[in-house]
Amino acid sequence: MPAKKKTPRKSSQGLTVITTHVNADFDAFASMLAAQKLYPEALVVFPGSQEKNLRDFFVKSMVYLYNIVKIKDIDLNAVKRLILVDTRQASRIGKFASIVHRPGLEIHIYDHHPPMPDDLSGTVEVTQMTGATVTILTKLLRDKKIPITPEEATIMALGLYEDTGSFTFSSTTEDDYIAAAYLLSMGANLNVVSDIITREMTPEQVSLLNDMIEGVTHHTVNGIDVAVTSVSSETYIGDFAFLVHKLKDMQNLEVIFALASMENRVYMVARSRLPEVDVGEITMAFGGGGHPSAASASVRGQTLIQVEEKLLGLLNQFINPKRSAKDLMSSPAIHVEPAVTLKEANELLTRYNVNVLIVLESDDLLGIISRQVIEKGLHHKLEHVPVHEYMTTEIDTVSPDASLPEIQKKIIGNKQRLLPVVENGRVVGVITRTDLLNILVSEPIRIPEFAADSKERAPLVRQRSVAKLLTERLPREIVELLEAIGTVADSFEYNAYAVGGFARDIFLYQENLDIDVVIEGDGINFAKALATSLGGRVRAHEAFRTAVVILPNGQKIDVATARLEYYKSPGALPTVESGSIKLDLYRRDFTINTLAIKLNIDGFGTVIDFFGAQQDLKRKVIRVLHNLSFVEDPTRVFRAIRFEQRFGFGIGKFTSGLIENAVRMDFFKELSGQRLFSELRLILDEDKPIMVLRRIDQFNLLKVIHPKIVYNSALEALLYSVEKVLTWHKLLFLEEPCQGWMVYLQALMRSFDQRAAEALCDRLELAPRYRRVLITEKTKAEEFLKWMAPSQILKNSDLYRKLRPFHTETLLYIMASTTRESIKQAISNYITRLRSMTTLIDGKYLKEIGFKPGPVYREILESLLDARLNGEVRTLLDEVEFVQKNWK
């Protein structure tokens, strides 16, 4: 007999609940069972009424009912972890939808359906395009070596066979067959599966199927035959999906939408054999969903007639006409050769009234260039530069037979302004974004929202809640600080967002507590109010509309007004104007830095991704947002390389080409010394700066710092020696400040004479204190290395006098730059012992024993210090006797 169900009890950790979509089918139930094998402490709860045949079959067959609980018996406030199987849409999980956005709720998702814009995000997401969700869970059970009984294997096989149409549906995958083989090996009974899948219809089902056959009407939509049937029944009749499958096979229908009004709702089941008809997308408009070939929905509050009218109205919008690229393209394509200048290309745009040109060389397609890029280049006085320097090379093409969905995906999904049509390696025409939109206006298709400019951009503006992620990865006091920021923003009716490296590093599991906030409103007024509420103070910068809030504990919060920027010349500081969060993010350097996390109370923790940042973080790639990014701000080149090496990413091919162009065009000459020094210091302060410097050399960028810096094996060996010495110093002297960047910079200047050192300091506009170290001290350091003869035996006092003038950074440079162990040991001895030595006797003591103040004090104390350094005196009595012996 099945185990007796238990009343759910709320533990100290809260409830773990496994659920699925309303109107659960066999795959949903089998997946719930499999999930409970992964989460043995969990309760299994149907979100609403499941298919009646499920209940009848399982009750009669003594199946696994342990811990199945009715939703009315669940305290939703006690649920701390929600396991969703066979769905990831809030609209399909009944009452559980009310808790999915609750802070602190952990959501685990296991689903085989295609992604939809309104999908929930989970702490754990295991999704794969398979024929059934139970396939995914079967593999997990197998990998984890979790045993299953023959009865459990039978139930799981039933879900697998039903959702794949006994492996006949086009959505069936290789993994489904592997899962079936495994379930058979675990004792699944195919006789039971066959009895359920192929069971005889009841009289009520026969009657309903007959009504469905008589009610079929055919509609021609964009050249495609769509069958629609609608029926009614006062009572619920199970297996409606099974009846629709029967009808489809009996009449050999390519596309069928079946509607059934039963009890208090309208059920919709849809099947499609054509790629032009995505029934999953259509049923989503009714709160349902599924696959392009099989989907369903359950509609409350509408009559059968209302649902059917809405469906017929949507068919024209969602069903793509059978048109190909050759029907849409313009020919011949207006093109330019790669050597044509930006000025000449701009004249062509005006002459032909087009916005994009393709670039051809002997019929070979090299790329495309847009009016926006050309005009920005002209603004920066680059009219003489050939178009191949700034053309976009990462472009998609289509063949003349390409379908409208393929064209739409490549133009809108990749945000490509123009799509070349290529046949036998030759461009035969082009399809512009305007061409496509004209088609979509007359025959509407769902168009994704804004998508970023590069080839591999995410097709949608992604929004999902990461509130739980914030609580997991940030200290509690930081989360409370973010909430306080949101509260103050709400009082102004401003939108507040955490942005930049702070938002990025949450997704990279990197510790970063430097909070950057963007305000859609007056950032300075907001900063003043925030400082008042937190007891801090404000430092404002009116020209850039930014402020820094400094809290009593020293924590700083950078606040900026959402703004757009433009550059009057390459390398200049930006001119700032007010803007939106989208424009603010678009001005940033790389896609990975364009995430924004909303901080307002309503929607706290919602991450907004306009430019595919999450996708590039996942792919580990650095990309700019537009072609002239490095023209406007050449320092971005250094940041690209720094981020690439810090995170172990790669610079995108197109972005890499733009860096090479920036070096070739020498936009760096306009950079101020302060900006160049700021980037260089950040590079040398990295944990592993050597990899960054090596990569900089590969791009021929070291000459931007100084032409005399040559990266070779000798310099690399010296840099690694610096790294080793800095590590040694950090381990021994944790509290002593040391500017490691200065040691690395001295190493880069190893071959410099004084004149070259002065030239570099002038180029970087260094402060006097840095110039003294890099010019005067470095020269004396080189003299010290020459002074230390190999066979020389030094007194400690001589070593002390030689090394005392040097800063710690120069001492470490000397250690790193010598290969002689005797010098390394001498400097180590000075740093660890000698430099901290002092005499026990001081001037006050000398006065007490009768010495008159004067130059003699210095003479005595220095001689006494020498004696202590050389081990001639050790105690106070030794020092007294030393003074008495040498001075009366």
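The values are calculated or read from the model by the stated rules, or taken from the named source; none is laboratory data. Everything numeric in this text was worked out from a predicted model, so none of it was measured. A quick note on method: Cβ atoms are made from the backbone with ideal geometry, for glycine too, and the neighbour counts reach across all protein chains shown. Just the protein is used for accessible areas: all its heavy atoms, side chains included, with ligands, DNA and RNA removed. Shrake-Rupley method; radii C 1.70, N 1.55, O 1.52, S 1.80 Å.
For the range 158-170, the criterion of being of a type in the set (Asp, Glu), assigned to a strand (DSSP E or B) and buried (at least 16 other Cβ atoms within 10 Å of the Cβ) is satisfied by no residue at all.
Taking the range 817-888 as the region of interest, the helices (runs of 4 or more DSSP H) fully inside it that hold 1 or more residues being more than 30 Å from residue 719 (Cβ to Cβ) and acidic (Asp, Glu) are 843-848, 855-869, 876-886. Please verify whether the range 372-380 includes one or more residues that are more than 22 Å from residue 663 (Cβ to Cβ) and out of contact with any helix residue (DSSP H, G or I) (no Cβ under 9 Å at 6 or more places or on another chain). There is at least one residue in the range 372-380 that is more than 22 Å from residue 663 (Cβ to Cβ) and out of contact with any helix residue (DSSP H, G or I) (no Cβ under 9 Å at 6 or more places or on another chain).
When the range 189-222 is filtered for residues that are of a type in the set (S, T, N, Q) and either touching a Ser or Thr at 6+ places or on another chain (Cβ under 6 Å) or within 30 Å of residue 405 (Cα to Cα) (or both), the ones remaining, listed by number, are 189, 217, 220, 222. Of the numbered criteria (1) under 30 Å from residue 758 (Cα atoms); (2) open to solvent by less than 10 Å² (accessible area, probe 1.4 Å), the one residue 629 fails is (1). If you go through the range 712-734 and keep only what is open to solvent by less than 50 Å² (accessible area, probe 1.4 Å) and either within 12 Å of residue 813 (Cα to Cα) or of a type in the set (Gly, Ala, Ser) (or both), you end up with 718, 719, 721, 722, 723, 725, 726, 729. Just one of the listed residues (326, 415) is closer than 21 Å to residue 653 by Cβ and in contact (Cβ under 8 Å) with a residue 12 or more places away in the chain, and it is 415.
Please verify whether residue 177 is aromatic (Phe, Trp, Tyr), modelled with pLDDT of 90 or more and either assigned to a loop (DSSP other than H, G, I, E, B) or surrounded by fewer than 17 Cβ atoms within 10 Å (Cβ to Cβ) (or both), treating the condition exactly as stated. Spelling it out, residue 177 is indeed aromatic (Phe, Trp, Tyr), modelled with pLDDT of 90 or more and either assigned to a loop (DSSP other than H, G, I, E, B) or surrounded by fewer than 17 Cβ atoms within 10 Å (Cβ to Cβ) (or both).
Scanning the range 744-790 for residues that are open to solvent by less than 70 Å² (accessible area, probe 1.4 Å), modelled with pLDDT of 90 or more and assigned to a loop (DSSP other than H, G, I, E, B), we see that the one that is nearest to residue 809 (Cα to Cα) is 749. Condition first: among the basic types (Lys, Arg), without any contact (Cβ under 8 Å) to a residue 24 or more places away in the chain and within 18 Å of residue 743 (Cβ to Cβ). Now tell me which residues in the range 688-715 satisfy that. Answer for the range 688-715, where residues must be among the basic types (Lys, Arg), without any contact (Cβ under 8 Å) to a residue 24 or more places away in the chain and within 18 Å of residue 743 (Cβ to Cβ): just 694. Across the range 371-396, the number of residues qualifying as open to solvent by less than 50 Å² (accessible area, probe 1.4 Å), among the hydroxyl-bearing types (Ser, Thr, Tyr) and part of a loop (DSSP other than H, G, I, E, B) comes to 1. Looking at the structure I just gave you, is residue 467 modelled with pLDDT under 90, out of contact with any strand residue (DSSP E or B) (no Cβ under 7 Å at 6 or more places or on another chain), of a type in the set (Gly, Ala, Ser) and open to solvent by less than 30 Å² (accessible area, probe 1.4 Å)? The answer is yes for residue 467.
For residue 227, the criteria (1) open to solvent by 20 Å² or more (accessible area, probe 1.4 Å); (2) in a strand (DSSP E or B) hold in every case but one, which is (1).
Scanning the range 305-351 for residues that are part of a helix (DSSP H, G or I), open to solvent by 80 Å² or more (accessible area, probe 1.4 Å) and modelled with pLDDT under 85 returns 316, 326, 327, 350, 351. Has the range 817-828 got at least one residue that is free of Cβ contacts under 8 Å to residues at least 40 places away in the same chain, buried (at least 16 other Cβ atoms within 10 Å of the Cβ) and in contact with a His (Cβ under 7 Å, 6 or more places away or on another chain)? No, the range 817-828 contains no residue that is free of Cβ contacts under 8 Å to residues at least 40 places away in the same chain, buried (at least 16 other Cβ atoms within 10 Å of the Cβ) and in contact with a His (Cβ under 7 Å, 6 or more places away or on another chain). Taking the range 679-708 as the range and being of a type in the set (S, T, N, Q) and either within 13 Å of residue 634 (Cα to Cα) or in a loop (DSSP other than H, G, I, E, B) (or both) as the test, only 700 passes. Taking the range 241-265 as the range and being part of a helix (DSSP H, G or I) and open to solvent by less than 10 Å² (accessible area, probe 1.4 Å) as the test, the residues that pass are 243, 244, 247. The C-beta contact set for the range 130-144 (first residue among the small types (Gly, Ala, Ser), second residue open to solvent by 10 Å² or more (accessible area, probe 1.4 Å), distance under 7 angstrom, 6+ apart or interchain) comprises 131/163; 131/169; 131/171; 131/172; 131/173; 132/163.
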